[in-house]
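Please read the structure below before turning to the comments.
None of the figures in this text is laboratory data; all of them are computed from the coordinates on show. In this text, all values refer to a predicted model and were calculated from it rather than measured experimentally. Because the Cβ atoms are built from the backbone with ideal geometry, glycine has one as well, and the counts that use them run over all protein chains shown.
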Amino acid sequence: MKADGDARRVAWAWARGVSAVSAVLSVSLTVGGTVIQFSLPKEWAPWPPTVPDQGAGLMFPLIGAFLIAYRPRLKLAWLMCVGGLACAVNLMMTALQLMQASAGHLASAGWLRILAIAGWTVGACTLSALVPLLSPDDRLPSRRWLPVVIVSVVTIVAYGACNIVRPTPPASTYRWPVVIPNPLAIEALAPYHTALMGSLTLLVNACMVLAVLSLVVRLRHASPTARRQIAWPLVAFVIYALFVLLGNDYWLPATIWTGLIPVAIAFAVLRYRLYGIDTVISRTVIATGLIAAVGAVYFGTGALAALLVSGYDQVAGLVAALAAGAFFEPLRTRLRRLTDVMLYGKHGQPEELARRLAREVGETEPVHALAAVTAVVHDGLGVTGVVVEVGASGMRVELGAPGPDPRVVPLVWHGEPVGRMLIGPPGPRRFSAAYTERLIGTATLYVADVAHAVLLAADLQRSRERILSAREEERRRLRRDLHDGLGQALASMSMTLNMARLRLRDAPSSADGMLRDLRSSMDSVSQEVRELVYGLRPPSLDDLGLPGAVRALAAEPGPSVQVKVEGETRDLPAAVEVAAYRIAQEALTNVRKHADATRATVTLARSEHALVVRVRDDGKGLPGIRRSGVGLTSMRERAAELGGTCLITEAAVTGTDADRGTQVVATLPLPGGSGAGLW
C-alpha cells in the first residue's frame, strides 16, 4: 500500500511538472510569435492582427496546468494543455514562416507553413471538438455522441491534410507579396481544391456547432445543480462559436473571449466553489454598488446644496454627508439581497423557501407531498443530497447523495418525534453558516408537518385494510358455519321427519300433511340460507377461484366474452377477490343490458402492488349525457373501500366513431404492496 501511494505521488508530481512545462512553453511561444508578427514588414503583417489561437495559447495551458495540480487524472485538463500548446506552435510557426518569407527564404517558409498547419489541426481537434464534448464532467453526454467525436476529428484532420497538400495558388489571388512554395503540394488537385476547402470549412463549423449542442443536451437532462455547472462552459462556447461564425470582423472579441473559455471550464470543473468565489462576487458587487451609489448621492446632493445655499460650503458638505449616510444602510441591504438572488436564486431565501413549501404542502397529497417537499428543501439548501425518514417503518425519500456523514435534523411535531432529515454537505451553492441555519429551521417545520400527515395517512390506510380483511374473513367464516353446520342440521332434521311420517299410524292423513308442510318450510329455510351464503361471498370463488368464477360469469347468455389472466391470482386476499368479482359482474351486466356489444374482454392483471380488473366491449360507448347509476356507483365504492380507483371511459376498438366501446378499469391495491411503489 505504501509503495502504491509513493508511486501515485511520484506520478502526480510528474504530471504537475509536465503540465507546468507545457504551460510555460505555450505562453513563451505565444508571446514570442505575437512579437515577431508585430515586427514584420507591413506587406507581410498578418490580418487580422490577433486570432483566437493567441487567447488559446495563453490561457488554455495555464488553466489546464492549474486543474491538473488538483485533479491530475482529468482528461479535459490534459486536452486543454495539448490544445493550447498546439495553438501556440501554430502561432509561432506562422510568425517564423512570414519572417522567413519576408527575408526571401521561401523554401524554409514552406516547411514552417506545414508545421503551422499541423499545430492548428491538433489545436482544433482538442479545443473545438473534444473539449466542448467532454465539458464539464470529463465524459461524453452519452455513447451516441461518439460518432460526433469521430466525425469531428476526421473532418478537422481532412481539412488540415487538404491544406498541407495545397496546390500552388495563382499569384493574382495570393494574399502575400510572393507565393510561398508548398513542398508537399499535389498540383492535380488545383481544379478541385477551392471547392473542397469550402466544403470542409462548412463541415468543420458544423462539427463545432454540434459540440456546442452537446452542452445544450446536457443542460436539458441535468439536475438543477448540474445545470448551473454546465451553464458556465455553455455560455462561453456559444459566444465563441458566434464570433467565429461571424468572421474576421470580430477578431478582437473572438481573441479575448477565447481566453475566457478555460476560466469558465475551470469554474465548472471545480463547481465554481474554489476559494469562495461566491463570497468574492457578493462583496465585490456590494462594494461597487455602494461606492457608485453613495458617491453619486454625495456629489449630487453637495452640488444641489451648493447651488441652493451659495456661499455656505460647510452646510452643503454636511447635507451631502447626511444624505449619503441615510442612503447607505438601505442600499447595502438591497444590494445584498440582489446579490443573494443573483448567486443563489430566489429559493435560497427563507421567505421564498417557506412560500414554496407551503404551496407544496397545500396542493399535494401527503404521500406525494413528502417527495415534493424533499425536492424543495434540496434545491433551497443547495446541498448534495437530502433524505427524509418517516417514523420507524422504514418509509424513506432520498434525493441526491447525502454522503457518508450527513447532518441529522430531528423532525418533531408538537413534541412527538415523527422522523428525521439527513442533510448532505454543501453543493455548488453554499451559503454562510447563519443563512443555512435559517433555511434549515424554516424547512424543518414544514417537513415535520408532512411527515406527521404521512404517518396519519399510513395508519388510516392500515386501519381500513384491517377492517376490510376482518369483515371478509368473518363473512367467509359465516358461510362455512351456515353451510356446513346449519345446512347439515336441517338436512338431518328433514330425514328424521320423513321417518316419523312413515311411523305415524294413528292419524296418518293429518300427520302426513303437517309433516309435508314442515318439509316445505325446511326447504325454504335451506334455500334462504343458501342465498344468504351467496350474498356474503359467492361460492364460485371458493370452488373455482377468481379466474374460474369470472369465466362462469362470462359463460352466461349474451355477447361473447373472453377472459384473460395475467399473473398469479391464487393467493389474493378475500376482500380483493370479492371486490374484483363484483366489479366484473356489474360491468358484464351493463355490457349485456346497455352496450349493444358483440364481444367483450375481461382482463385480470396481477402485479406486485395491485390487481387490475379491465372490462372492455365494442359497443356503442358512453351516452352523451352521463348519469351514474347504482351499478357504476357500486363499482367505484368497492374500489374505494380498498384504497383503489375505478374509471369508466370510452375506448376505441376499431378506430371508427361508430364502434367506440366502453372500458372499465378498476385498480385494487394489495396489502403490503400498495405503498411500496411510491417511495
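Amide H to amide H, with H built 1.01 Å from N, residue 670 comes under 5 Å of 610, 611, counting only residues 5 or more places away or on other chains.
Derived scalar couplings between HN and Hα for region 566-572 equal 10, x, 7, 10, 7, 9, 6 Hz in order, rounded to whole Hz, by the Karplus curve 6.51 cos²θ - 1.76 cosθ + 1.60 (θ = phi - 60°), x for Gly and Pro. Loop-located trypsin sites (Lys or Arg not before Pro) across region 72-171 with a Cβ neighbour count of 13 or fewer within 10 Å are 73, 139, with loop assigned by DSSP. In this Cβ point-charge picture (+1 for Lys and Arg, -1 for Asp and Glu), region 1-150 has a dipole of about 500 debye about its Cα centre. Packing-based ranking of 92-102, 602-612, 50-60 yields 50-60, 92-102, 602-612, ordered from highest to lowest mean Cβ neighbour count within 10 Å.
If you put +1 on each Lys and Arg Cβ and -1 on each Asp and Glu Cβ, how big is the dipole of region 1-84 around its Cα centre, in Debye rounded to 20?
The dipole of region 1-84 has a size of about 420 debye.
Ranked by the mean number of other Cβ atoms within 10 Å of their residues, highest first, the peptides 568-574, 443-449 come out as 443-449, 568-574. Across region 437-442, rounded Karplus estimates of 3J(HN,Hα) from the backbone phi angles (6.51 cos²θ - 1.76 cosθ + 1.60, θ = phi - 60°) give 4, 5, 5, 5, x, 5 Hz, Gly and Pro being marked x. Distances between placed amide hydrogens fall under 5 Å for residue 565 paired with 604, all partners being 5 or more residues away or on another chain. May I ask for the distance between the Cα centers of region 202-217 and region 1-68, given as a whole number of Å? After rounding, the separation between the Cα centres reads 25 Å.
Charged neighbours of residue 213, selected by a Cβ distance under 15 Å, balance to +3 (K, R count +1; D, E count -1).
Between amide H atoms placed 1.01 Å from N, distances below 5 Å from residue 412 occur with 418, all of them 5 or more places distant or on a separate chain.
3J(HN,Hα) along region 48-59: x, x, 10, 9, x, 4, 5, x, 5, x, 7, 9 Hz, from the Karplus curve 6.51 cos²θ - 1.76 cosθ + 1.60 with θ = phi - 60°, whole Hz, x for Gly and Pro.
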